[in-house]
Amino acid sequence: MDIKTFGIIGAGQMGNGIAQVAAMSGLNVIMNDIKKEFVGKGLGTITKILAKSVKKGKITDDDKTTVLGRIKTSTDINDLGKADFVVEAATENESLKFKIFKDLDNICASHVILATNTSSIPIGRIAAQTNRPGKVIGMHFMNPVPVMKLVEIIRGIETSDDTFKMTWNISERFNKTPAVANDYPGFIANRILMPMLNEAVYCLYHNVGTTEDIDMVMKLGMNHPMGPLALADLIGLDTCLAIMETLYNGFSDSKYRPCPLLRKYVEAGWLGRKTGRGFYEYK
Ligand code: CAA
């Protein structure tokens, strides 16, 4: 099946990044979110990043105009009825994703693949909300999407070979390198990454070191591009907490218990970069 129009649910940091790479690969894009303000902000981010690329001489001003011209914004989920392939990149909340998949299953033609950018919720559980479990798959992008090379592809128990192949091909078209994971909570990326970030929060909670020292140890000692607490702020502390809870509940194993300090920050609305405050403050 020839994919011409690519639909995305969510215009947040993951959704707008996916929209950008899809449009840069030549596809028409529908970027949907619940509020005009959200899609406007998402489009603003894409515009800013493309403008930076023009300034650096990586693309021309015409390229920027062409890419932006391929992106249509929408606040009506029914618009996704025009898409040939849809990726959901909404907030990491199980009941919200279930509702979106039920809706998409009614709206989209029966051959359309419904992918989820979930960072940890089992694909089989999301697929079970639809009448097309063979066409549901995990397509997990990394943040910042335009920069990170990886797409983690997760097959649910019923995902068909055709769905897998198509998702693999689209990932390559987006200039990404796919890695395949089986369907267990957290898959590969967050099964490994999130306990490390959570442990960094425990180090702060137990006063083993300051925020700056914890991050410096991992940056300079382990050659990580950024420290774990700065990375948690980039990902979003609410997302980190949601992933830890999925691991904790999914494996019924106390080794995944979220650090109380992480929960405390989330409850205070300190969600990291997106709210201007997390382990660091952002202007
Ligand atoms: N969007 C687009 N481009 C961005 C960007 C963004 N948000 N942030 C940085 N960039 C670009 C910059 O423009 C720059 O491009 P050029 O090379 O063309 O100049 C390049 O990335 C490098 O940026 P900087 O020089 O500003 O800074 P840096 O070298 O420190 O890199 C970084 C920034 C890419 C974020 C780097 O620190 C990094 O790789 N950090 C780790 C990120 C990571 O681990 N991501 C995975 C998170 S886990 C996840 O996403 C999955 C999940 O489910 C939670």
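Within a straight-line Cα-Cα reach of under 16 Å, residue 165 can be paired with the following aspartates and glutamates, leaving aside sequence neighbours fewer than 8 residues apart in one chain: 2, 84, 152.
Using the Cβ of residue 39 as centre and a radius below 13 Å, the other residues enclosed give a net charge of 0, where K and R count +1 and D and E count -1. Secondary structure note: in the chain, about 20% of the DSSP beta bridges are antiparallel.
Extension gain, residue 219 to residue 128, is 28.6 nm, computed as 0.36 nm per intervening residue step minus the present C-alpha separation. For the chain, the relative contact order is 14 percent, taking Cα pairs closer than 8 Å that sit 6 or more residues apart in sequence and dividing their mean separation by the residue count. Under the simplified labelling scheme, the residue 226-residue 206 pair shows an inter-label distance of 2.6 nm, with each label point 7 Å from Cα along Cα→Cβ. For residue 79 and residue 54, a Förster radius of 25 Å and the Cβ-Cβ distance give a FRET efficiency of 0.30, rounded to the nearest 0.05.
Would you mind checking the tilt of helix 36-55 against the longest principal axis of the Cα atoms of the chain, expressed as 0 to 90 degrees and rounded to 10? That works out to roughly 90 degrees. Counting 0.36 nm for each residue step from residue 2 to residue 63 and taking away their Cα separation leaves a gain of 19.6 nm. Taking a straight Cα-Cα cut-off under 27 Å and skipping sequence neighbours fewer than 8 places away in the same chain, the lysines within cross-link reach of residue 219 are 52, 56, 149, 176, 255, 264, 274, 283. Gain on full extension, evaluated as 0.36 nm per residue between residue 161 and residue 199 minus their Cα-Cα distance, stands at 9.9 nm.
Using the 1.4 Å probe convention, the accessible area of the range 5-181 works out to 45 Å² per residue with neighbouring protein chains retained. Considering only protein heavy atoms and a probe of 1.4 Å, how much of the accessible area of the chain is carbon and sulfur, as a whole percent? That share works out to 53 percent. Between residue 93 and residue 34, the modelled labels are 0.6 nm apart [label points 7 Å from Cα along Cα→Cβ]. Each of residue 280 and residue 257 was given a label point 7 Å from its Cα along the Cα-to-Cβ line. The distance between the two points is 3.1 nm.
For the chain, the longest principal axis of the Cα atoms and the long axis of helix 237-251 meet at an angle of about 90 degrees. Just to confirm my numbers, what's the Cα centroid distance between the range 36-104 and the range 180-234 in Å? Centre-to-centre distance over Cα atoms comes out at 28 Å.
The values are calculated or read from the model by the stated rules, or taken from the named source; none is laboratory data. Note that the coordinates shown come from a computational prediction; the quantities given were computed from them, not determined experimentally. Ideal geometry is used to build each Cβ from the backbone, glycine not excepted, and the neighbour counts take in all protein chains shown. Heads up: the accessible areas ignore ligands, DNA and RNA and are worked out on the full protein's heavy atoms, side chains in. Shrake-Rupley method; radii C 1.70, N 1.55, O 1.52, S 1.80 Å.
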